[in-house]
Each structure stands twice: as structure tokens, then as C-alpha cells.
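Written below as C-alpha cells is the structure these notes are about.
Only the coordinates and a few stated rules stand behind these numbers; no lab work does. Fair warning: this is a prediction, and the values are worked out from it, not measured in the lab. Neighbour counts are summed over all protein chains in view; Cβ atoms, including those assigned to glycine, are modelled from backbone coordinates with ideal geometry.
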Amino acid sequence: MQIIDSLNAYLTELLGPAGPLFAVAGLGLLLLLIAIPLMLSQKPDPMDKLRQPERNKRAETGAKAVLREKAKNDKLNRYAQFLEPKNEQEFSSVRLKLMQAGYGSKEAVRYYYFLQAALGIIGLGLGTLYYLFALGDAATTQDMMLYVLGPGAAGYYFPKYWVTRRAAERKEQIQDGFPDALDMMLVCVEAGQSMDQSIVRISKELRASYPFLADEFQLVSYEMKAGKDKTAVLNDMSERCGVQDVSSFVTVLNQSQTFGTSIADALRVYASEMRDKRVMRAEEKANKLPTKMTLTTMMLTVPPLLIILVGPSAVNIMNMSGN
């Protein structure tokens, strides 16, 4: 007990009244950081191979409910219950958001939650080290909350911010390049190519200008070659893009296929509408520009103008009051 009391007194003298608490928190964080690599590098148990048939049988009978199929990454699959939401609706929402951001792999959801947890822990660790060794006794409770919890929260929410920003950038690029893709598709169809051939050609031609849209058309061509139903393929593309123009285009193609109308006529009309919408969006941005420039112009013009006009008078008044 004497050793514990002396250690407690030393920590209190070094770090303040909350010194023992900081020491315990730092020790727990250190153990957690050491345990994560050990858990990920742990060798598979040979008995798992013997238990695998029984597990597969239980999975087929529904004894063990899972939200998705088992993936190839066994290391992440061991900790799936910690790296996946338990709610199926939440899982579908996160997966759709990642797909719209361009991350469509089977492990995307697990990597997303893993990065949130890892970056949050790293941020807490760095904030704690900065608070202990840089601020010292001069820091207040507010400083502790700011410098310890702030980096942790920033690290935790950084993957969400990145995915949201990338999804917005991807949607904007798809929306800007879709009218050109429709024009090219119309030319290919009118030249005698089928829809599948035109999609393959578009995916190659748009690679330099709109890589995200080219990836979508390439994925559509692969799924069609694999024998998937064309309606389901187009609906999946609409869901992955998350753009209203693509959804309307998919609806037009599905209706044209259902009622047996000419695809070339449908593409001609819809491509014309897309060109008009792109012109309207450009005009809308141009009309917003004067309003956005007004505040900037006032901030950069009015203060120098006031200095030029009022400055000499203010100097004369100051000189007169001094005399």
C-alpha cells in the first residue's frame, strides 16, 4: 500500500489532482494499441478447419443470423460483430453511401467502421500525449476536453466526412458527363450498334474526361456479359450513382424495353432534354455569380476606399487635437 500511495502522490504532484486517472487511462490506451496488432496478426486456430463444416451447416439452417455473406478477409471476419452494425437498415444505408462514393467492395463497410474506431483511438492517444507533456499543470478542464476529446472526435468523424465529400464529387462528375454519354450512346445506336456494344464503347471513350461515369458503364457491361438481367443491371446502376438524371434515364430505357418502342427515339428525346438541363444548370450558376461576388467585392473594395477617403481627415483631426 505504501508503494501505491507514493505512486499516487507522485502522479498527483506531476499531473495535478487528476493525475492517477490520466495514468490509468493512458495505460488502458497503451494496452489497447498493443492488443489490436496482436489480434490482427493472430494465427488461425487449426481446430477452426474441423469446425467449419458444422458452422456452414448451422448457417444454412438459419441458426446463426448474419447480415451479409462471409468475405475472403478472415482477419476482419473474426471481428465482424464489432465492425458491422447490428441493424440491417443501418447496414444497408452505410453500404449504399459507400457505393455512391465509389467503394463497392464487400469489405467496404468493415473497413469504414474499422477506420472510424482506429482513427478515433489514435486521436485520443495523440491528444492525451499533447495534454500531458505540452500543457502540463497550466491547463484547465476546458483545455483537457478540447485537446483530448477534440482529436478523438475529429479522427472518428473523418471517414464520414471523406465519404460524404467523395460521394458529392462523384455525383457532380456523373451529372456533368451524363449528357455527353447520352449523345455518344445515341450516335452508337443510330450507327447500328446494340445497347451492350454502345455501353462498352462509352466506357472506353469517357475514361479520360469522366472516370467515375466510365467505371459505372464498364461495370454495367461486365454484368450484362455475365448474364444478369438488363433491367436489374440498370436499376443497380441508378442506385450506385444516386443521380436523378441517371434514374430517369434508367426508367426511360426500362419503359422502352417493356413497351417495345424504339430505343433510338427514346435516347434522342432524352439526350435533348439532358442538353437543355445542362444549359439551364450553367445559366443558374451564372445568375448566382453576381450575388456571390457582391459580398466579396464589398469586403475587398469598401475598406480600402474608406481608408483613402477618411484616412487624411482622421490624421488632420488627430494633429489638431494634439496641438
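Data for the structure
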item: Dimensions (Å) - the stretch 233-323, Cα atoms, principal axes, largest first; result: 95, 24, 10
item: Greater than 26 Å apart at Cα, pairs in K171/K277; K106/K230; K171/K292; K106/K160; K160/K292; K171/K230; result: K160/K292
item: Spin-label model distance (nm) - S6 vs V302, 7 Å beyond Cα toward Cβ; result: 6.9
item: Longest to shortest principal axis, alpha-carbon extents of the stretch 147-277, angstrom; result: 65, 34, 27
